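Engineer: First the structure, which I've put down as C-alpha cells, then a few questions once you've had a look.
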Amino acid sequence: MTMETILYLAHTEDDGSLSRVALETLTGAMGLHAQLPGARFVAGFVGGDVSAAVAAASGCGAASFYAVSGPDFAMSRYASDAAALEAICRASGATIVVAPATSRFNRAIPGVAQRLGGRIDTHVGGCSVEGGALRIQRGYYRQRMIATLTRAARPWFLTFDSGVYPQWDGAPVAVQAESLTVTLGDELKKTKVVGYKAPFASAQTIRPDATLLFVAGVGWTKKQADGQVHLEEAAQIILNVLDKSNASLGSSKSLVDQSSEGHNVFSFMSHLNQVGQTGSTPRHPKGLAACCHGEEPHVVGWRFIGERRAINLDPNCGWAQGKADVVYVADAFALIAKVSELL
Ligand SMILES: Cc1cc2nc3c(=O)[nH]c(=O)nc-3n(C[C@H](O)[C@H](O)[C@H](O)COP(=O)(O)OP(=O)(O)OC[C@H]3O[C@@H](n4cnc5c(N)ncnc54)[C@H](O)[C@@H]3O)c2cc1C
C-alpha cells in the first residue's frame, strides 16, 4: 500500500479570511487524515496575504504549511492560481489533494490536475476509508443517485461542496508557513479583476447560508376563498417573512414557470429559485413550504433539507403523504402573515 500525502488547499477571501466552505473542507481533510493509516497531512494557501488564513487553520495538525502569496495572487485568476497551486502540489508531493469547491478553485484546479497528470472528482459529497483505501461519494442525476467510487491514479484531486462537514474552528497554534516563490510573466497576468457585480443584498432571495428554506408554490397565485387572486398581498406576505426570518427563498417549478407564460408573478423570484428534479437541491437545516403541493419532482430537491414542514389547505397534499415531518392544514396567507407579525 502506498503511503498517501493529503494536501489541503485553500485560497483567501478579499479580507484575508477563509470562506465557510474552505473551513468545512478543512474538517473533511482532517477526518481523512485521521482515517488513512500512515498518511502525511500538509496544507497549502494562495492569496494576497495568507497569514490570517494560515493562522486560522494552524491547529489542523498538518506537518507542513505552504504559501504562495503577494499582490499577484490576491485575485481570482486562472493563470496565476494554476501556477501557484501547481507549485504547492509539486513541493508537497501530494497524492490526494482536497480543496473547497469555490468558484475560484472550480476554475483553476481542473487545470492543475491536468498539469500534474492527475485525476479529479468535483462536487464530492463525502468520503470514507475502507480497507485502507479512500472512497468518495458523489451525486449523479440531480443527486438522485449517489455513487461511491475509488481511484488508483495519483495525484487525485477532490473538490468538496459546501454543507458536507461542519466548519473547523480549532484554536490556533504557532506554525511557520514555507513560502514558495512563483514568478509570473506578463502573459500570466493578462486577466484583471476590476470589481464585482452582484444584486443588492435585499434583492438577493437565494441565501445558501440561511437556516431556513422558505418555499413558495403556485397556491399564492390561485383564487382564494373569496374567489379572487391576491398577488399583491401574496408578494407582501412572502417578502415580509423572508425579511423577518432571513430565510432563503425556494419555489416550485409551476410558480416560476408562470412568468414565462406572461402571467403576473413575483418579480423577486426566477427559475434560479426553483427547487426540485429540474431545479436545485439546496442544503438548509429547516424547510417550510407554503402553497406548494409537495409532488415528488419537487420534493426530490429537498434531499438535503433537515426538518421539513408544509402549510397547505389540502390535508391530502403530497407533503402529508410522508414527505414532511409536520403539515399545517391552514390558509398560508393568514398563517404566514401571523408568523411575520410574531417575528
Ligand atoms: C419531468 C418533470 C420535472 C419536474 N421538475 C420539477 C422541479 O424541479 N421542481 C418543481 O417544483 N416541480 C417540478 N415538476 C412539477 C411538479 O410535478 C409539480 O407540478 C409542481 O411542483 C407543482 O407546483 P405547486 O405545488 O406550486 O403547484 P400546485 O400543484 O398547483 O399546488 C398548489 C398548492 O397550493 C395549495 N394552496 C392554495 N391556496 C392555499 C392557501 N391559501 N394556503 C395553503 N395552501 C394553499 C393547494 O392546496 C395546492 O396543494 C416537474 C415535473 C416533471 C414532469
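Engineer: Could you figure out which of (1) outside any helix (DSSP H, G or I); (2) farther than 23 Å from V21 by Cβ; (3) more than 8 Å from the ligand (Cβ to nearest atom) isn't true of G294?
Structural biologist: Failed condition: (3).
Engineer: If I go through segment 208-233 residue by residue, how many of them are modelled with pLDDT of 90 or more and in a loop (DSSP other than H, G, I, E, B)?
Structural biologist: Summing the residues that are modelled with pLDDT of 90 or more and in a loop (DSSP other than H, G, I, E, B) in segment 208-233 gives 12.
Engineer: Every residue in segment 77-122 that is polar (S, T, N, Q) and buried (at least 19 other Cβ atoms within 10 Å of the Cβ), please.
Structural biologist: Hits for segment 77-122 are S80, S92, T95, T102.
Engineer: When segment 253-299 is examined, which residues are found to be among the basic types (K, R), at pLDDT 95 or above and surrounded by fewer than 19 Cβ atoms within 10 Å (Cβ to Cβ)?
Structural biologist: Answer for segment 253-299, where residues must be among the basic types (K, R), at pLDDT 95 or above and surrounded by fewer than 19 Cβ atoms within 10 Å (Cβ to Cβ): just K286.
Engineer: If you go through segment 64-74 one residue at a time, do you hit one that is surrounded by fewer than 21 Cβ atoms within 10 Å (Cβ to Cβ), modelled with pLDDT under 95 and in a loop (DSSP other than H, G, I, E, B)?
Structural biologist: Checked against the condition, which is being surrounded by fewer than 21 Cβ atoms within 10 Å (Cβ to Cβ), modelled with pLDDT under 95 and in a loop (DSSP other than H, G, I, E, B), segment 64-74 yields no hits at all.
Engineer: If I146 satisfies every condition in (1) in a strand (DSSP E or B); (2) touching a residue at least 24 places away in the same chain (Cβ under 8 Å) but one, which is the exception?
Structural biologist: Of everything listed in (1) in a strand (DSSP E or B); (2) touching a residue at least 24 places away in the same chain (Cβ under 8 Å), I146 misses just condition (2).
Engineer: Among the residues of segment 320-343, what is the count of those that are over 17 Å from V218 (Cα atoms), within 13 Å of the ligand (Cβ to nearest atom) and loosely packed, with under 14 Cβ neighbours inside 10 Å?
Structural biologist: Here the count works out to 2.
Engineer: Can you tell me which residue within segment 106-137, out of those that are among the aliphatic types (A, V, I, L, M) and assigned to a strand (DSSP E or B), is farthest from E86 (Cα to Cα)?
Structural biologist: So, considering only residues that are among the aliphatic types (A, V, I, L, M) and assigned to a strand (DSSP E or B), the one farthest from E86 (Cα to Cα) is V129.
Engineer: Provide a single number: the residues in segment 109-147 that are β-branched (V, I, T) and touching an Asp or Glu at 6+ places or on another chain (Cβ under 9 Å).
Structural biologist: Matching residues across segment 109-147 total 5.
Engineer: Also: When you look at L239, is it farther than 30 Å from A83 by Cβ and outside any strand (DSSP E or B), yes or no?
Structural biologist: Against the criterion (farther than 30 Å from A83 by Cβ and outside any strand (DSSP E or B)), L239 qualifies.
Engineer: Further question on the same structure: Just wondering, is there one or more residues in segment 304-319 that are in a strand (DSSP E or B), near the ligand (Cβ under 6 Å from one of its atoms) and β-branched (V, I, T)?
Structural biologist: Yes: segment 304-319 contains one or more residues that are in a strand (DSSP E or B), near the ligand (Cβ under 6 Å from one of its atoms) and β-branched (V, I, T).
Engineer: Are any of the residues in segment 112-125 under 29 Å from G185 (Cα atoms), of a type in the set (D, E, K, R) and at pLDDT 95 or above?
Structural biologist: There is at least one residue in segment 112-125 that is under 29 Å from G185 (Cα atoms), of a type in the set (D, E, K, R) and at pLDDT 95 or above.
Engineer: Let me ask something else about it. When segment 225-244 is examined, which residues are found to be within 18 Å of N312 (Cβ to Cβ) and buried (at least 16 other Cβ atoms within 10 Å of the Cβ)?
Structural biologist: Selection gives H230, A234, I237, I238, V241.
Engineer: Go through S58, S80 for me and flag whichever is assigned to a helix (DSSP H, G or I), under 19 Å from V175 (Cβ atoms) and more than 23 Å from the chain's Cα centre (by Cα).
Structural biologist: Exactly one of S58, S80 is assigned to a helix (DSSP H, G or I), under 19 Å from V175 (Cβ atoms) and more than 23 Å from the chain's Cα centre (by Cα), namely S58.
Engineer: If I go through segment 207-243 residue by residue, how many of them are without any contact (Cβ under 8 Å) to a residue 12 or more places away in the chain, within 13 Å of the ligand (Cβ to nearest atom) and not small (G, A, S)?
Structural biologist: 4
One line per residue, one yes/no per condition, for (1) over 23 Å from G185 (Cβ atoms); (2) within 21 Å of the chain's Cα centre (by Cα):
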| residue | (1), (2) |
| --- | --- |
| G28 | yes, yes |
| L36 | yes, no |
| G48 | no, no |
| G70 | no, no |
| A84 | no, no |
| A94 | yes, no |
| N106 | yes, yes |
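The values are calculated or read from the model by the stated rules, or taken from the named source; none is laboratory data. All figures in this text were calculated on a predicted structure; none of them were measured in a lab. Cβ: placed from backbone, ideal geometry, glycine included. Neighbour counts: every protein chain shown.
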